[in-house]
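The values are calculated or read from the model by the stated rules, or taken from the named source; none is laboratory data. Since we're looking at a predicted model, the values are computed, not measured. Cβ placement follows ideal geometry from the backbone for every residue including glycine, while neighbour counts extend to all protein chains displayed. Ligands, DNA and RNA are stripped out before the accessible areas are found, and what is left, the full protein with its side chains, is counted by its heavy atoms. Shrake-Rupley method; radii C 1.70, N 1.55, O 1.52, S 1.80 Å.
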Amino acid sequence: MTRVLVTEEIAERGLGVLRDAGHEVDVRLGLAPDGLLAAVRGAHALIVRSATKVTADVLEAADELVVVGRAGIGVDNIDVATATRRGVMVVNAPQSNILSSAEHTMALLLAQARNIPQAHAALTGGSWERSRWEGVELHGKTLGIIGLGRVGTLVAQRASAFGMRLVAYDPYVAPERARQIGVDLLGLEDVVRTADFLSIHVTKTPETVGLVGDDLLKLAKPGLRIVNTARGGIVDEDALARAIRDGVVGGAGLDVFAEEPCTSSPLFDLDSVVVTPHLGASTREAQDKAGATIAEQVLLALSGEFVPFAVNVAATEASETVRPFLPLTERLGRVFAALNHGVPHVLEVEYQGGLADYDTRILSLAVLKGLFGAASEEPVSYVNAPQLAAERGVELRETKTSVAQDYVNLVSLRGGDHAVAGTLAGLRGEPRIVMVDEHTVDVPPARHMLVIRNDDRPGMIGLVGSVLGRAGVNIANMALGQSPTGEAALMVLAVDEPVPAEVLDTLRNSDGIVDANALSLD
């Protein structure tokens, strides 16, 4: 009999599924860290929600652990890297709460538009204030959606039923796919300038933290109302409070906050703000779905069967020749997405050399995994990457040729206005990026990178080095490349830390610099 340790409340239906399958279900709620270390020993499965921290120490103590299940979407409370290294599968329930989250967004949208909580508080407090709490209709207004993933799409469909015009910013969605659901894709700044209401549905990454801040809010259409049910920190709460006090923003409805639990905020003193304590997934239906789904995934993992919602599925089906290329192709996907600031409608992946004689489908999945890894609402795996591509209207075209001019093997990605290629070099098979936008380069992928296009004239390397040096950004590696026509040059730099936005602006505004892009391969 296998033992399943459950450290947080999940739906009884899910517990019943596990018991009916013959497993011992050990429910221990409210464990302290030391208690968790003791309880996890001998457990074959661990089921958690968001409060339990599944750290490296926990995973080291779990000597018989096969699978960790998260009854929800995010797995940021689980050390996935350590789990993968120890051969522990991590699974989640990515679709359990999307409907509840979309409905909560609409609830906040309506509550914000009609001042329902404020009017309720006034009336129950003894004041009849009809004129003070006059609202606005949703019909005919423009809803701007930042992030057109699963939840964003459901919100768009529901807002359309209210007669709202829909615009969105999501560089990972093809325009054709957006048009199918009645949404016009615009740039981020244009969405903010156009929208009467703005709803946030992006994942929290270093790039999206503080995304809606002072600079963006200055562009807001007067009276803009903002709703955030995604993740705290994407909206700069101090900047939002200032914008509301200054009359730039008309109000906000927030379900998530940078620090949670949150019981004090400059936003709480503003009459035009509606807040809830992270209730997006707090419905009976969502919790029931999450419990049942995670129980099913854990059962599949324990029985060694295919697990559709595995976050860290190992590509065991890759041949010995193909497997070493998996990290490279995933990184190429990341680089390509960063260069494009999203993905094109058609992505062409070409395999050249001896690699073309093998089954490379898993490498194409790795490309998609890297491509969507920084922008998806849920963890991206080899299992769900094709589904994400289909949902966003991205077509992947794979070609092969056994002839490679300069390398034994070469993987190239092309689409939109950009291209990138890489190979494995030397006896150790070290990954190298060897082409960016048709410029020949040679640089190993790094956690933080900078791609700069510049005029091909003296002084450019010194200029870039001086700007980065003054900002305290250390250059760890650098490669230079010239375009086939010789009109412009390219620098690809590996740096020790993220390049601040103000440093990028300085580079872009410098004489002779055509463009500068910071890349993150986290």
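The stretch between Arg130 and Met1 holds 40.0 nm of extra length on full extension. This uses 0.36 nm per residue minus the Cα-Cα distance.
In the chain, which whole DSSP H runs stretch at least 20 Å along their own axis (Cα) and average 0.0 or higher on the Kyte-Doolittle scale? Intermediate values should be presented prior to the final figure.
Working: long enough: 98-114 (24 Å, 0.69); 284-302 (27 Å, 0.11); 326-340 (21 Å, 0.47).
Qualifying helices: 98-114, 284-302, 326-340.
The label point for Asp359 and the one for Glu430, both projected 7 Å from the Cα toward the Cβ, are 3.3 nm apart.
What is the ratio of the Cα radius of gyration of the range 252-319 to 2.2 N^0.38 Å, where N is its residue count, to two decimals? Please list the in-between numbers first.
On the way: Rg = 19.5 Å, N = 68, 2.2 N^0.38 = 10.9 Å.
Taking the Cα Rg and dividing by 2.2 N^0.38 Å, one obtains 1.78.
Extending 7 Å from the Cα toward the beta-carbon at both Asp238 and Ile181 defines two label points whose distance is 3.5 nm.
Would you mind checking Lys289/Lys400; Lys53/Lys141; Lys141/Lys204; Lys218/Lys289 for any pair whose Cα atoms are more than 31 angstrom apart? Don't jump to the answer; show the numbers that get you there.
Working: Lys289/Lys400 43 Å; Lys53/Lys141 42 Å; Lys141/Lys204 27 Å; Lys218/Lys289 41 Å.
From Lys289/Lys400; Lys53/Lys141; Lys141/Lys204; Lys218/Lys289, over 31 Å: Lys289/Lys400; Lys53/Lys141; Lys218/Lys289.
Normalising by the residue count of the range 394-483, find the relative contact order in percent from Cα pairs under 8 Å and 6+ residues apart.
18
Average accessible surface for the chain: 45 Å² per residue, computed with a 1.4 Å probe over protein heavy atoms with every protein chain in place.
Divide, for the range 138-262, the radius of gyration over alpha carbons by 2.2 N^0.38 Å, where N is the residue count.
0.98
Can you give the calculated 222 nm mean residue ellipticity of the chain, where each DSSP H run of n ≥ 4 adds -39,500 (n - 2.57) and the sum is split over every residue, rounded to the nearest 500 deg cm²/dmol? It lands at -9000 deg cm²/dmol. Using P(r) over Cα pairs in 20 Å bins from 0, in percent as the read-out, say which of [x] 21, 50, 24, 6, 0; [y] 15, 31, 20, 17, 13, 4, 0; [z] 20, 49, 28, 2, 0 was calculated from these coordinates. The calculated read-out lines up with [z]. All C-alpha to C-alpha distances of the range 1-140, sorted into 5 Å bins beginning at zero, yield P(r) values of 2, 9, 15, 16, 13, 8, 6, 7, 7, 7, 6, 3, 1, 0 percent in whole numbers. Ordered from largest to smallest accessible area (heavy atoms of protein chains, 1.4 Å probe), the residues Trp133, Trp128 come out as Trp128, Trp133. Across the chain, the relative contact order, built from alpha-carbon pairs under 8 Å that are at least six residues apart, equals 12 percent. Per-residue extension of 0.36 nm, minus the Cα-Cα distance of Gln95 and Ala476, leaves a gain of 133.1 nm for this segment.
Glu497 label point, 7 Å along Cα→Cβ, cut-off 19 Å on backbone N: hits in the range 418-447? Residues 446-447 fall inside that zone. A simple spin-label model places the labels of Ala121 and Val383 4.4 nm from each other, with each point 7 Å out along Cα-to-Cβ.
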